[in-house]
Amino acid sequence: MSGLFPHLFSPLTLRRKTLGNRIVFGGHTPNMAVQGVPGEDPLAHFPGERMIAYYAERARGGAAMIVAEAIPAHETSVFARASLRPGDDTLVPHMRRLVEACREHGTVMIQGIAHVGAHGDADNSYTPNWSPSGGHSYLDFHGSHAMTEAEIEAVIEGFVRAARLAKEAGYDGVEVGAGYNALIEQFWDPLVNRRDDRWGGGLENRLRFSTCILEGIRGAVGEDFIVGLAVTGDDSGPGGLDLAARAELLARLDGPGLMDYVAVGAGTFFNTERVMPSFMTEEMFAVPLAAEMKKALKNAPIVASGLVGTVANAETILSGGMADMVSLIRPQMADPHLAIKASEDRPEEIRPCIACNQRCLGRRARDYWMSCLVNPAMGNEHQWGGEPYPPAAGRRGLLIVGAGPAGLEAARVAAERGHRVALMERTDAVGGQLRLTAEQPRRQAVGELLRWYRDELTRLQVEVRLNQNLDAEEVRDFGADAVILATGSSPARDGYQRSRPDVERLPGSEEESVLSIDDVLSGIPVPGPRVLLLDESDDWKGAGTALYMAERDLRVSFLTKGAIVAKTLVVTKTHKALRKRFKELGIEEILQAALVSWSEGAATIKHLLRGETETVRFDSLVLSTTNVAEVGLQAALADSGIEVHAVGDCVAPRTAAAAIFEGRRLALAL
Ligand code: SF4
């Protein structure tokens with residue numbers, strides 16, 4: 001029993017199942033299902049090895065309850081390519097394998113079921129979207145089909161049938177997805193439910209669809225089966241249901257005990273950035289919504305979610321009586337063994353999620369299976385295995401050169417596997433470019449990740465030496481069994497732009513008034529007040545540095561060849577918050593433009609669509625361009641006869657995600 005988190009580790013009984021703690025791995029869409037059940041519908045999807053190993057690792061890590069990716073209740077409700085399809089009985093054996101893989105760890109297993117109504121993806125479902133009154137999708141310009149009475153009955157039966165299949169597969173319960181303005185909430189909401197039959201109008205009529213689903217499921221699955229409901233606490237958009245209206249609706253369902261728990265999230269398809277909030281949003285922002293629901297409901301326990309982030313926050317929520325359980329999805333993506341570590345009062349060993357959305361949502365939005373920037377094993381558990389890592393076949397002495405993300409990860413995992421590791425860093429601190437990222441506004445979580453790495457290296461007795469700029473001879477003389485080069489990359493300082501591939505060096509880029517973003521974030525004074533930032537990164541590298549400078553009273557102009565700033569952040573749902581902050585700070589956006597030259601503060605800018613050029617005066621130019629790999633040691637050690645590996649940016653300058661991935665993969669192989 002945890003002394004630090006007594007509320008988090010007190011048991012809770014739902015129906016006749018007892019959860020060992022209050023930590024839930026809530027419903028989400030990892031996009032991992034495998035397509036095409038043999039001999040069946042080629043569009044069908046089922047849980048394969050990747051998906052089973054993904055959930056099983058979180059079960060092994062101590063999550064009390066797992067809500068598996070929702071099955072659409074009906075063929076009109078497919079919302080991601082690799083969604084489990086509303087299958088027939090052929091889905092059951094595959095679902096059973098998933099349940100059994102998790103059940104052996106004592107986890108209560110819940111199957112999600114949902115229908116997203118007007119907000120489906122017709123490119124995936126090959127059907128029109130359905131809704132109460134033919135309302136608009138918030139995701140695209142598509143209209144939807146106003147459901148007939150028979151179609152409403154068919155969807156209700158779809159929910160009931162999916163629950164029956166879940167029970168047959170061995171699940172302990174189902175979670176009915178109403179949240180994010182899905183079909184059930186669309187029936188509740190008079191803004192979009194304009195029906196004048198028994199499914200629309202007064203409160204009782206608008207509740208009828210959800211009541212029929214919950215009653216139908218209970219009738220089909222019996223008294224022992226858990227039936228949860230996932231809702232949004234937020235307003236569903238201008239003129240839509242607000243929190244008070246939602247609480248009133250739910251109290252009506254709660255009175256007769258139609259659900260065994262209610263999971264309260266935030267955001268809808270109208271404002272999806274609140275559904276998966278990033279570091280641009282306040283921690284625990286959605287907890288007050290859960291707390292209001294808890295006040296309104298007399299029977300169903302409440303699951304809180306919404307950037308809870310840490311087990312300490314979760315304990316605060318429970319001890320404050322704001323909820324009864326806490327859903328920690330991304331924190332358990334980042335560290336699948338979060339619950340076990342917390343239960344043993346080792347919270348400082350939990351690898352922190354940095355709320356970046358880059359490899360989870362960012363990958364799914366591009367139709368890949370979800371993974372995690374800080375935990376590259378996520379989605380690879382079926383090949384890499386889980387934690388703890390398997391011991392190395394033999395203990396070797398490893399010398400790792402460079403303590404950026406690739407070197408830190410390689411050192412940590414190699415030491416965990418039993419190798420004797422020495423980590424050499426050229427500067428006076430570990431972290432590499434992550435250390436600079438942590439300087440950008442709202443990136444404290446990156447600093448927390450570095451704190452975690454430092455603590456883990458100490459715990460694992462890795463020998464860390466700072467201010468060590470090793471040459472090839474010193475590396476050889478060290479006498480390691482193998483050398484890992486993680487020497488990273490450095491700013492190119494040449495002003496290369498993809499819109500001008502024939503210009504290797506920007507005229508004027510050698511002037512003193514030209515800085516790199518590394519210079520800026522390292523604290524080198526930026527001549528001001530007028531700064532031009534040339535961005536090639538399209539992500540936080542440039543955009544976060546613009547915020548950093550603007551918050552220090554510099555007047556920043558942000559020049560990109562793109563039609564929008566930082567376009568890669570659209571898929572991580574951080575773009576809207578970034579643009580808002582740009583506006584608040586008065587950062588000028590110069591779009592679809594290239595820099596032709598820089599000369600003593602005069603920037604000649606070419607507008608790519610109009611073809612015109614203009615010259616504008618600034619005090620300094622900051623380059624956010626592609627780095628160059630630090631390959632010196634690799635070249636010098638090429639014929640040394642010692643075992644040398646290279647990982648991260650020194651192979652090719654990319655992202656922290658790629659560096660951590662390669663560090664982990666190599667350390668697991670040695
Ligand atoms: S990719 Fe980023 S936000 Fe997503 S789980 Fe990993 S650390 Fe958290």
Self-check item: Qualifying strands (runs of 3 or more DSSP E) (wholly inside the stretch 508-613; at least 1 residues being closer than 25 Å to Ala365 by Cα and either at pLDDT 95 or above or open to solvent by 60 Å² or more (accessible area, probe 1.4 Å) (or both))
Solution: 530-535, 555-560
Quiz prompt | Scope the stretch 627-670; condition in a loop (DSSP other than H, G, I, E, B), open to solvent by 50 Å² or more (accessible area, probe 1.4 Å) and more than 21 Å from Ile354 (Cα to Cα); matching residues | solution = Glu630, Val631, Ala638, Asp639, Gly641, Ile642, Glu643, Val651
Quiz item: Which helices (runs of 4 or more DSSP H) does the stretch 396-503 wholly contain that include 1 or more residues that are free of Cβ contacts under 8 Å to residues at least 40 places away in the same chain and in contact with a helix residue (DSSP H, G or I) (Cβ under 9 Å, 6 or more places away or on another chain)?
Solution: 433-437, 444-459, 472-478
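Go through the stretch 146-162 and report how many residues are crowded, with 16+ Cβ neighbours inside 10 Å and not in a loop (DSSP other than H, G, I, E, B).
Initially, the stretch 146-162 is screened for residues crowded, with 16+ Cβ neighbours inside 10 Å, giving 147, 152, 154-162.
Subset that is not in a loop (DSSP other than H, G, I, E, B): 152, 154-162.
So the count comes out to 10.
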Self-check item: Ser236, sole failed condition from (1) open to solvent by less than 10 Å² (accessible area, probe 1.4 Å); (2) within 25 Å of Leu14 (Cβ to Cβ); (3) without any contact (Cβ under 8 Å) to a residue 60 or more places away in the chain
Solution: (2)
Quiz item: Somewhere in the stretch 91-109, is a residue of a type outside the set (D, E, K, R), over 26 Å from the mean Cα position of the chain (by Cα) and surrounded by 24 or more Cβ atoms within 10 Å (Cβ to Cβ)?
Solution: yes
Exercise. For Pro331, state whether it is over 20 Å from Ser236 (Cβ atoms), within 13 Å of the ligand (Cβ to nearest atom), open to solvent by less than 30 Å² (accessible area, probe 1.4 Å) and not charged (D, E, K, R).
Key: yes
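Pull up the stretch 245-298, narrow it to residues that are among the β-branched types (Val, Ile, Thr) and part of a loop (DSSP other than H, G, I, E, B), then point me to the one that is farthest from the ligand (Cβ to nearest atom). Lay out the reasoning, then the answer.
From the stretch 245-298, those among the β-branched types (Val, Ile, Thr) are 262, 264, 268, 272, 275, 281, 287; that's our starting set.
Checking which are part of a loop (DSSP other than H, G, I, E, B) leaves us with 268, 275, 281.
On the way: Thr268: 20, Val275: 13, Thr281: 12 Å.
Ranking the qualifying residues of the stretch 245-298, first place goes to Thr268.
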Quiz item: (1) in a helix (DSSP H, G or I); (2) touching a Phe, Trp or Tyr at 6+ places or on another chain (Cβ under 8 Å); (3) at pLDDT below 90: which one isn't true of Asp123, the others all being true?
Solution: (2)
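Residues checked against (1) hydrophobic (A, V, I, L, M, F, W, C); (2) touching a Pro at 6+ places or on another chain (Cβ under 8 Å); (3) part of a loop (DSSP other than H, G, I, E, B):
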| position | (1), (2), (3) |
| --- | --- |
| Glu185 | no, no, no |
| Val192 | yes, yes, yes |
| Arg206 | no, yes, no |
| Ile213 | yes, no, no |
| Val227 | yes, no, no |
Quiz item: Is it the case that some residue within the stretch 186-209 is in contact with a strand residue (DSSP E or B) (Cβ under 7 Å, 6 or more places away or on another chain) and open to solvent by less than 10 Å² (accessible area, probe 1.4 Å)?
Solution: yes
Quiz item: For the stretch 306-323, does any single residue satisfy the condition of being part of a loop (DSSP other than H, G, I, E, B), closer than 19 Å to Ala59 by Cβ and either open to solvent by 10 Å² or more (accessible area, probe 1.4 Å) or within 16 Å of the ligand (Cβ to nearest atom) (or both)?
Solution: no
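Tally the residues that are aliphatic (A, V, I, L, M), open to solvent by 40 Å² or more (accessible area, probe 1.4 Å) and within 8 Å of the ligand (Cβ to nearest atom), restricting the search to the stretch 347-384.
Within the stretch 347-384, the subset aliphatic (A, V, I, L, M) is 350, 354-355, 361, 365, 370, 373-374, 377-378.
Next cut, open to solvent by 40 Å² or more (accessible area, probe 1.4 Å) only: 365.
Filter again for within 8 Å of the ligand (Cβ to nearest atom), leaving none.
Number of matching residues: 0.
Could you go through the stretch 312-321 and let me know if any residue there is over 20 Å from Ala64 (Cβ atoms) and either charged (D, E, K, R) or within 16 Å of the chain's Cα centre (by Cα) (or both). Steps first, please.
If we filter the stretch 312-321 for residues that are over 20 Å from Ala64 (Cβ atoms), which is where we start, we get none.
So far as the stretch 312-321 goes, no, none of its residues is over 20 Å from Ala64 (Cβ atoms) and either charged (D, E, K, R) or within 16 Å of the chain's Cα centre (by Cα) (or both).
The values are calculated or read from the model by the stated rules, or taken from the named source; none is laboratory data. Not measured: the values here are computed from a predicted model. When we count neighbours, we look across all protein chains shown, and the Cβ atoms used for this are built from the backbone with ideal geometry, even at glycine. Side chains are part of the model used for accessible areas, which takes the heavy atoms of the whole protein and leaves out ligands, DNA and RNA. Shrake-Rupley method; radii C 1.70, N 1.55, O 1.52, S 1.80 Å.
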